[in-house]
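Beneath this line is the structure, given in C-alpha cells, with notes to follow.
Computed from the coordinates by the stated procedures, all read-outs in this text should not be read as laboratory data. Bear in mind that the values here come from a model prediction, so they are computed numbers and not experimental data. Here the Cβ positions follow ideal geometry from the backbone for every residue, glycine too, while neighbour counts run over all protein chains shown.
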C-alpha cells in the first residue's frame with residue numbers, strides 16, 4: 001500500500017494550478033465518454049494538492065470549469081467525490 005501512495009501522490013507534482021487540474025479533468029471526462037460512460041463520479045484528494053500550495057479555490061475552479069464544459073460539449077453528467085484523509 002505504501003508504494004501505491006508514493007506513486008499516487010508523486011504524480012501530483014505536475015498538477016500545479018487551476019489550468020492543470022482543468023486539463024486533467026477534461027482528459028478524464030473525454031476518455032470516459034469515449035468508453036460510452038455518461039455518468040461518473042471521480043474522486044479527488046484536496047489535501048494532496050493544498051499541502052503543496054495549490055489553493056482549494058483554484059482546484060475547484062479547474063474541476064468545475066471542466067464539469068461545465070463536459071456537460072455541454074460531451075453531454076455527460078458527473079459529480080465529484082472528495083476524498084478526505086485523516087492526519
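By how many degrees, between 0 and 90 and to the nearest 10, does the Cα long axis of helix 18-34 differ from the longest principal axis of the chain?
So the inclination is approximately 50 degrees.
Restricting to DSSP H runs of at least four residues, report the calculated mean residue ellipticity at 222 nm for the chain, -39500 (n - 2.57) per run over all residues, nearest 500 deg cm²/dmol.
Estimated from H runs of four or more residues: -16000 deg cm²/dmol.
Run through every distinct alpha carbon pair of the chain and return the Kirkwood hydrodynamic radius in angstroms, one decimal place.
It is 13.6 Å.
Can you tell me how much longer the chain between residue 37 and residue 7 gets when fully stretched, taken as 0.36 nm per residue apart minus their C-alpha distance, in nm with one decimal?
8.2 nm
Once the Cα atoms of helix 56-69 and of the chain are each reduced to a long axis, what angle between those two axes, in degrees from 0 to 90 to the nearest 10, is obtained?
Once rounded, one gets 20 degrees.
Obtain the nm distance between the two label points defined at residue 19 and residue 52 by a simple spin-label model: each point lies 7 Å from its Cα along the Cα-to-C-beta direction.
That separation, rounded to one decimal, is 1.7 nm.
Relative contact order for region 1-82: what percent, with Cα pairs under 8 Å and sequence separation of 6 or more?
That works out to 42 percent.
Give me the extension gain from residue 30 to residue 68: residue separation times 0.36 nm, minus the current Cα-Cα distance, reported in nm with one decimal.
Length difference between fully extended and current span is 12.4 nm.
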